[in-house]
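Only one structure is covered here, and it is reproduced in the block below.
The values are calculated or read from the model by the stated rules, or taken from the named source; none is laboratory data. The structure displayed is predicted, hence computed values, not measured ones. Note: ideal-geometry Cβ built from the backbone for every residue, glycine included; neighbour counts use all protein chains shown. The protein model used for the area step is the full one, side chains on, heavy atoms only, and it has no ligands, DNA or RNA in it. Shrake-Rupley method; radii C 1.70, N 1.55, O 1.52, S 1.80 Å.
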Amino acid sequence: HEDVRTHFQNRFPYICVDEAQDTSKIQHAIIQLLARKTGNLFMVGDEDQSIYGFRAAYPEALLNFTKEHPGAKELVMDQNYRSNARIVAVADHFIQHNKLRHRKHMVPTKAEEEEIHYISLKNRAAQYTYLRKVAQNHEVETAVLYRDNESVLPLIDQLERQQIPYRIKSTDMAFFTHRVVTDVTNIMRFALNPYDTELFLRIYFKCQTYLKKNQAQQLCRISEERHIPVLEAAEYAEGLNGMVLGKCRAFATHLRNMLKEAPSRVLFRIETPLGYGEYLERNNMDDNKLFILKMLSYEEVSIGSFLGRLEYLQNMLREKRPDYDSNFILSTIHSSKGLEYEEVYLMDVCDGVFPDKVVYSKKATPQEKKEFEEERRLFYVAVTRAKKSLYLSCEGMVQGENRQSVFWAELKDYLEPLELSSISSSNST
């Protein structure tokens, strides 16, 4: 609509775009139309800090700026006024591995101070105990940064139990309603109430019963008619072969045993003997939610207390008000963008968590390579939040797998180990 375009071109003869790396392709097209009349466009951004791909950020616009706007000039602001020289040098070395960027190097304005440390812990679980001790003993403003909201839940659980003050920047309740968490809690609730036909119909096909849908519905009808547990109804059902009947009996036995077990053991039973882990694998679903549930389960003594704890954490996080007196801060990396802290602890630097996606093969698709570069930019943003001290939590083994981060491998020659053999988690086994 030429008349609309002309109106706004006349109204806004000068256009300044800040944080341009977070602007979408459509927004860039609109900006280009508006600036076409006068050419007075000033765009500020850093493609190395483009971390909002899930919001359709289009950092390529910065790379193509002079092509799309003939006669434009590029000015490089390459001085870092925030971090000490050691952090700037390591971050600059790290981001050079990305291809979709301008050729530039960051220059520090501060002197070198403390070494950058990686914290060598026995496994991923041990970091929660260590970070809880940091929260108890820190002196300066300290931030714990993490890739996903769920990663920090076990730490929050420990801080709440110990009544250690902390401040959290934004919370996301999606973990508690995620289908994996819902599946697991539904199985636990069915163990508490084996007569619940609605719960049964939600879980039976995820627990290796090998029941067909019409057979599961038949069990529910018999259960309601005879007022017996749903799985006991398998003894009266028609058309079940011996294998399926045996699976139903085994399922019922597992459920009875769950009532006498600690939640950590119950979660193992759900994942392995009941086959829920295989269900996740078949459906190409991440098992990280199970790991977080396990970490939250260790202090609980029964299914009931565990379900109550999950409900408490969900309500607490929904209603919790920021404690502005606390200088121990928990934040996702996305929420920390643009901010700075004296000390930064970066959690979960292990493959499959951070980076979430790993590209090993040269045959990776362009989209896979693009996503991996964003993971690298996210890491770059995280380490450059630190003004003075930076610590990376690098676990060598996670749930029995060697998942040391490819990012750590690129930086290991620039990092100093902080061996903490005395720090261990009571839950690490």
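Across the stretch 183-208, what is the number of residues that are free of Cβ contacts under 8 Å to residues at least 40 places away in the same chain and open to solvent by 50 Å² or more (accessible area, probe 1.4 Å)?
Residues flagged as free of Cβ contacts under 8 Å to residues at least 40 places away in the same chain and open to solvent by 50 Å² or more (accessible area, probe 1.4 Å) within the stretch 183-208 amount to 6.
Hey, among the residues in the stretch 36-88 that are open to solvent by 50 Å² or more (accessible area, probe 1.4 Å) and acidic (Asp, Glu), which one's farthest from residue 346 (Cα to Cα)?
68
If residue 284 satisfies all but one of (1) modelled with pLDDT under 95; (2) more than 30 Å from residue 309 (Cβ to Cβ); (3) not charged (D, E, K, R), what's the number of the condition it fails?
(2)
From the list 249, 256, which residue is within 36 Å of the chain's Cα centre (by Cα), assigned to a helix (DSSP H, G or I) and at pLDDT 95 or above?
One residue alone meets the criteria, 256.
Using beta carbons and a limit of 8 Å, which pairs, at least six apart or on different chains, have the first residue in the stretch 156-167 and without any contact (Cβ under 8 Å) to a residue 60 or more places away in the chain and the second one in a helix (DSSP H, G or I) and not small (Gly, Ala, Ser)?
Taking only residues 6 or more apart or on different chains, the pairs are 158/128; 158/129; 158/132; 159/132; 162/132; 162/136.
How about the stretch 187-202: which of its residues are more than 16 Å from residue 308 (Cβ to Cβ) and under 26 Å from the mean Cα position of the chain (by Cα)?
Result: 187, single match.
For the list (1) hydrophobic (A, V, I, L, M, F, W, C); (2) at pLDDT 90 or above; (3) in contact with a Lys or Arg (Cβ under 9 Å, 6 or more places away or on another chain); (4) open to solvent by 10 Å² or more (accessible area, probe 1.4 Å), I need the number of the one condition that residue 382 fails.
Status for residue 382: all satisfied but (4).
I'm told residue 312 meets every condition in (1) open to solvent by 40 Å² or more (accessible area, probe 1.4 Å); (2) closer than 26 Å to residue 52 by Cβ; (3) over 19 Å from the mean Cα position of the chain (by Cα); (4) not small (Gly, Ala, Ser) except one. Can you identify the failing condition by its number?
If we test residue 312 against (1) open to solvent by 40 Å² or more (accessible area, probe 1.4 Å); (2) closer than 26 Å to residue 52 by Cβ; (3) over 19 Å from the mean Cα position of the chain (by Cα); (4) not small (Gly, Ala, Ser), just (2) comes out false.
So which residues in the stretch 1-24 are surrounded by 12 or more Cβ atoms within 10 Å (Cβ to Cβ) and within 30 Å of residue 92 (Cβ to Cβ), if there are any at all?
17, 19, 20, 21, 22, 23, 24
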